[in-house]
1. Being crowded, with 17+ Cβ neighbours inside 10 Å, out of contact with any His (no Cβ under 9 Å at 6 or more places or on another chain) and modelled with pLDDT of 95 or more is true for just one of VAL72, VAL89, VAL83. Which residue is that?
2. What tally of residues in segment 49-68 results from selecting those that are over 18 Å from GLU128 (Cα atoms), crowded, with 17+ Cβ neighbours inside 10 Å and more than 12 Å from the ligand (Cβ to nearest atom)?
3. Consider VAL26 carefully, then state whether it is farther than 23 Å from GLU109 by Cα and modelled with pLDDT of 95 or more.
4. Within segment 123-140, how many residues are farther than 17 Å from TYR51 by Cα and surrounded by 12 or more Cβ atoms within 10 Å (Cβ to Cβ)?
5. How many residues does segment 25-47 contain that are without any contact (Cβ under 8 Å) to a residue 24 or more places away in the chain and surrounded by 14 or more Cβ atoms within 10 Å (Cβ to Cβ)?
6. In this structure, does ASP120 turn out to be open to solvent by 70 Å² or more (accessible area, probe 1.4 Å) and touching a residue at least 40 places away in the same chain (Cβ under 8 Å)?
7. May I ask you to list the residues in segment 69-87 that are free of Cβ contacts under 8 Å to residues at least 40 places away in the same chain and more than 14 Å from the ligand (Cβ to nearest atom)?
Amino acid sequence: MAKERTLSIIKPDATRRNLTGKINAVFEDAGLSIVAQKRMQLTPAQAGAFYAVHKERPFYNDLVSFMISGPVVVQVLEGENAVAKNRDVMGATDPKKAEAHTIRAQFAESIEANSVHGSDSAENAANEISFFFAETEILP
Ligand code: CMP
């Protein structure tokens, strides 16, 4: 399997609790390299556009409010099979269903405040990475 990239977001519930370093250690211990990273305050328009695929879901408005409730850390993770590997280390969306060793089982507060986002396919990863980063900002 060739090297792959995926988009990760450390969400406001995690930045609020000062968990960026602990979460980054999980990525690095799993063999994922953080090849781009920035801490930012999303605008309502950015959060709404990023999650536009969920626009019709009942949780959409709450999700956008949550994602602008504090800073996020957006990052590009690179490694062998990075999309699937990141989804493994994140665990299930609902922390109650996540396996014990995963980020969401260890750190998430709820299905909404679930500490991290990760792209769900290589195609979405490419789109999500370009949403936040220029190619010149990604430094393997
Ligand atoms: P994420 O992987 O970022 O993708 C969509 C987000 O919507 C999800 O993580 C959660 O933060 C949030 N969310 C809130 N409620 C739900 C739900 N019932 N099902 C899925 N995602 C939800």
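The values are calculated or read from the model by the stated rules, or taken from the named source; none is laboratory data. Note that this is a predicted model, so its numbers are computed, not measured. Cβ atoms come from the backbone with ideal geometry, glycine included; neighbour counts cover every protein chain shown. The protein model used for the area step is the full one, side chains on, heavy atoms only, and it has no ligands, DNA or RNA in it. Shrake-Rupley method; radii C 1.70, N 1.55, O 1.52, S 1.80 Å.
1. Working: VAL72 fails: out of contact with any His (no Cβ under 9 Å at 6 or more places or on another chain); VAL89 fails: out of contact with any His (no Cβ under 9 Å at 6 or more places or on another chain).
Just one listed residue meets the conditions, VAL83.
2. Going through segment 49-68 one residue at a time, the tally reaches 0.
3. Values: farther than 23 Å from GLU109 by Cα: no; modelled with pLDDT of 95 or more: yes.
For VAL26, the condition - farther than 23 Å from GLU109 by Cα and modelled with pLDDT of 95 or more - is not met.
4. Filtering segment 123-140 down to residues farther than 17 Å from TYR51 by Cα leaves 134-140.
Checking which are surrounded by 12 or more Cβ atoms within 10 Å (Cβ to Cβ) leaves us with 137-138.
Going through segment 123-140 one residue at a time, the tally reaches 2.
5. Of segment 25-47, the ones without any contact (Cβ under 8 Å) to a residue 24 or more places away in the chain are 25, 28-29, 45-47.
Going one step further and asking which of them are surrounded by 14 or more Cβ atoms within 10 Å (Cβ to Cβ), we end up with 46-47.
Residues that pass the stated criteria total 2.
6. No; evaluated as a whole, the condition is false for this residue.
7. Going through segment 69-87, the residues free of Cβ contacts under 8 Å to residues at least 40 places away in the same chain turn out to be 84, 87.
Residue satisfying the conditions is ALA84 alone.
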